[in-house]
Structure formats: structure tokens, C-alpha cells
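The values are calculated or read from the model by the stated rules, or taken from the named source; none is laboratory data. All figures in this text were calculated on a predicted structure; none of them were measured in a lab. Here Cβ is always computed from backbone atoms with ideal geometry, including for glycine, and neighbour counts include all displayed protein chains. Side chains included, ligands, DNA and RNA excluded: accessible areas come from the protein's heavy atoms. Shrake-Rupley method; radii C 1.70, N 1.55, O 1.52, S 1.80 Å.
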Amino acid sequence: RKGTVIITGASSGLGLATAKALAETEKWHVIMACRDFLKAERAAKSAGISKENYTVMHLDLASLDSVRQFVANFKQSGRPLDVLVCNAAVYQPTANQPTFTADGIELSVGTNHLGHFLLSRLLLDDMKKSDYPSKRLIIVGSITGNTNTLAGNVPPKASLGDMRGLAGGLNGLNSSTMIDGGKFDGAKAYKDSKICNMLTMQEFHRRYHEETGITFASLYPGCIATTGLFREHIPLFRLLFPPFQKFVTKGYVSEEESGKRLAQVVSDPSLTKSGVYWSWNKDSASFENQLSEEASDVSKAKKVWELSEKLVGLA
Ligand code: NDP
């Protein structure tokens, strides 16, 4: 049978390119889990994904109710779940005031980390039940949260501190909107959310890999300088960033190429190792990358897991 893969944020950028790459193999049915139904349908159409290879289902990660509703709808569809890709993200690099999810949580961490945390916890049982030979749960990471790299050292650097803000609910009322308890900074909030993504993947691996056989993985797909992720950046940045990445840092990767990379992590028989953060070298060969000290800190991973459980209502 065809595999079923859920991809969040498949309406643009990396998610759409991955949906296309997988659908083209005719071996996958892609559930495009998106907040804007029409946009997703149009995106699928213009990418040339054929109708029998995808289904759009509504999911707004910035609402815990919507996450629960999505899970209920998916279960009702009767499809098995073989691979889940947590890809969607918001990035507000120039914001100096926080915005919030439906639940009153700072938007970047609320969407990128907590929405996905609840989603993957609620779908884990479905993955356990699937008889697919290689089940995988993939959380897209980033180099920007990884302070052992050059890009990860561009200020403001990611840091979770003692997580007093996360413990307080990131609501800006009786707690800070930043995980470490500091003053709001949109660029840092994104990087912090990506650290949480990478820590969550590893904690999943420690808690569930042996018992379930599911492969848990994260990746840095390369710098896809053309996606919507940079839509909120200043115009001059948006103009100069793609050529800068292409010619100066040479980290640039096209949307199509990045989609092929993520599709490999979904389905390549050689990428089944669990607990790994994949990256690609200049010749587009995959390798197991090292995470920074904070992004691989076992006790921080446990703490992020436990605090997140409380915030999303699982504990
Ligand atoms: P895009 O902005 O193109 O795509 C992000 C997707 O997330 C969109 O489909 C967007 O939906 C969706 N999304 C945003 N908020 C929500 C929400 N509340 N609920 C549901 N979906 C939502 O960015 P990219 O493709 O670049 O980013 C994809 C992933 O790649 C992210 O995890 C990012 O961190 C990661 N990444 C990107 C890099 C890059 O250089 N671009 C580098 C490293 C990692 P909509 O279409 O409705 O806006």
C-alpha cells in the first residue's frame, strides 16, 4: 500500500516542495495539514500534485483546540499514519512586540514548538498502530538554534536559561513571553522554538524509540533563502539575503532541493537511524550532524517536555 504522511505547513516553501517530491513517487499519500485551506489547494494545484496523491486538512497550530480537532478529523478519515512531519513555522525577526496564539501563548514558541508538541503526542498512538515497515516522526530543526555553528552565533543567540518564562506560560501577564524570562525578541523567540524542536525530537527518541520502533529525526534542510519564512523581514534583507547565501556563505539551497532532502528523511531506506539531526554537505550527501551543547542537553530536553505537557494540557 501507499504510505500516508502528514506534513504541517505544506502550503508553501519546504513543506510544499516535500509534498511534491513525495507525491511524485506515487508511493505516498500526502495529508497537507494547513491553516489556509484555499491557499493549500491552490499551492498543490500549481505545484502539479495530482489529486489522488494528496488531501488538505485544516490545522492551525496556533490553537490547541484546532490541533485536537485536526487529530479527531484525521482519526475519522480511517487512514493509517505512517510518517508525521512537523514542518510549519512562523518567524518574526523584526517584531518588538509579542503576538499570541488563541491560548494566549507567545506565537513563535506556541506555533513552532507547542502546537507540534501536542500534535505529535496525540498522533503517536496512531503511528504505533500502523503496520508500515518504516515509521518516522520528523521535526524540522534549524541551524539558527544551534550555537555550535557560525549562523547559530549571530545575535541574538538562542538560549532557554532556566525556562522560567516557559514554566509561567509565556503569556506576558504574570510571566515573560520569552522562555528564558527575558525581554521579548522575535528573532530569539524563533531560535528558542527551534531548540525546543530539536530537544523534543531527542526526548521522543529516548522515551519511545525502543518501545515503538519509530524513527525520530530532525534536520537542517539548508538555507532556503526564498521561502515565505522571511516574509516579515525588512525589504532590503529580503532582496540581499538570497544572493548573500548563494555567493557568500554558499549555504543556499533551492526549495526543490530542500524538498528532496526532507523527502529523503521521510522515505529513504538508508535514513532510518533514530535520534539523529541530519544535514547535507556541498555535494548534497546527507550526514549526521552534531547539535550544540544546549540543543543536546538531556536534562533540558526532559524539562522542556514536562513544562510543555502542562501548557498543552497533557499533564
Ligand atoms: P514558509 O513560511 O514558506 O512555510 C511555513 C509554513 O508554515 C507555511 O505553510 C505556513 O502556512 C505554515 N504555518 C505558519 N503558521 C501556521 C499555523 N499557525 N498553523 C499551520 N501552519 C502554519 O517557510 P519555510 O518553508 O522556509 O519553513 C519550513 C520549515 O523549515 C520551518 O520549520 C523552518 O523553521 C525550517 N527552516 C527553514 C529555513 C529556511 O532557510 N527557509 C532554514 C532552516 C529551517 P501559510 O502558507 O498559511 O502561511
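Can you give the extra length, in nm with one decimal, that the chain gains between residue 73 and residue 148 once fully stretched, where that is 0.36 nm per residue apart less the Cα-Cα distance?
Values: separation 75, 0.36 × 75 = 27.00 nm, distance 4.06 nm.
In short, 22.9 nm is gained.
Between residue 132 and residue 247, residue separation times 0.36 nm minus the direct Cα-Cα distance comes to 37.2 nm. Pairs of lysines in the stretch 95-220 whose Cα atoms sit within less than 26 Å of one another amount to 8, provided the residues are eight or more positions apart or on different chains. Estimated from helical segments only, the mean residue ellipticity of the chain at 222 nm is -12000 deg cm²/dmol, where each DSSP H run of four or more residues counts as -39500 (n - 2.57).
Averaged over its residues, the chain has an accessible area of 43 Å² per residue, based on protein heavy atoms and a 1.4 Å probe. Of the solvent-accessible surface of the chain, computed with a 1.4 Å probe over protein heavy atoms with every protein chain present, carbon and sulfur atoms account for 52 percent.
Between residue 46 and residue 99, the simple spin-label model (points 7 angstrom out along Cα→Cβ) gives 2.1 nm.
Sorted from greatest to least, the principal axis extents spanned by the alpha carbons of the stretch 154-217 come out as 41, 29, 15 Å.
Among 154, 71, 30, the residue with the largest mean-square fluctuation in a Gaussian network model of the chain, with springs joining Cα atoms closer than 10 Å, is 154. Amide H contacts of residue 54: 30, each under 5 Å away and 5 or more positions distant or on a separate chain (H built 1.01 Å from N in the peptide plane; Pro and chain starts excluded). Eigenvalues of the alpha-carbon gyration tensor of the chain, scaled by 5 and square-rooted, set the equivalent ellipsoid semi-axes at 26, 23, 20 angstrom, largest first.
Tell me which DSSP H helices of the chain clear both cut-offs, 24 Å or more of axial length from alpha-carbon atoms and a mean Kyte-Doolittle hydropathy of at least -0.5. Let's see the in-between values first.
Numbers: long enough: 186-212 (38 Å, -1.20).
Both cut-offs are met by no helix.
One equal scatterer on each Cα of the stretch 17-120, no solvent, Debye formula: the resulting log10 I(q)/I(0) at q = 0.15, 0.16, 0.22 Å⁻¹ is -0.67, -0.76, -1.21. Remark: the chain carries a charge dipole of roughly 360 debye about the Cα centre, counting +1 on each Lys and Arg Cβ and -1 on each Asp and Glu Cβ.
Amide H contacts for residue 215 (H built 1.01 Å from N in the peptide plane; partners 5 or more residues away or on another chain; cut-off under 5 Å): 135, 136, 137.
In a GNM of the chain with a 10 Å cut-off on Cα contacts, which of 53, 96, 148 has the highest mean-square fluctuation? Highest fluctuation of the listed residues: 96.
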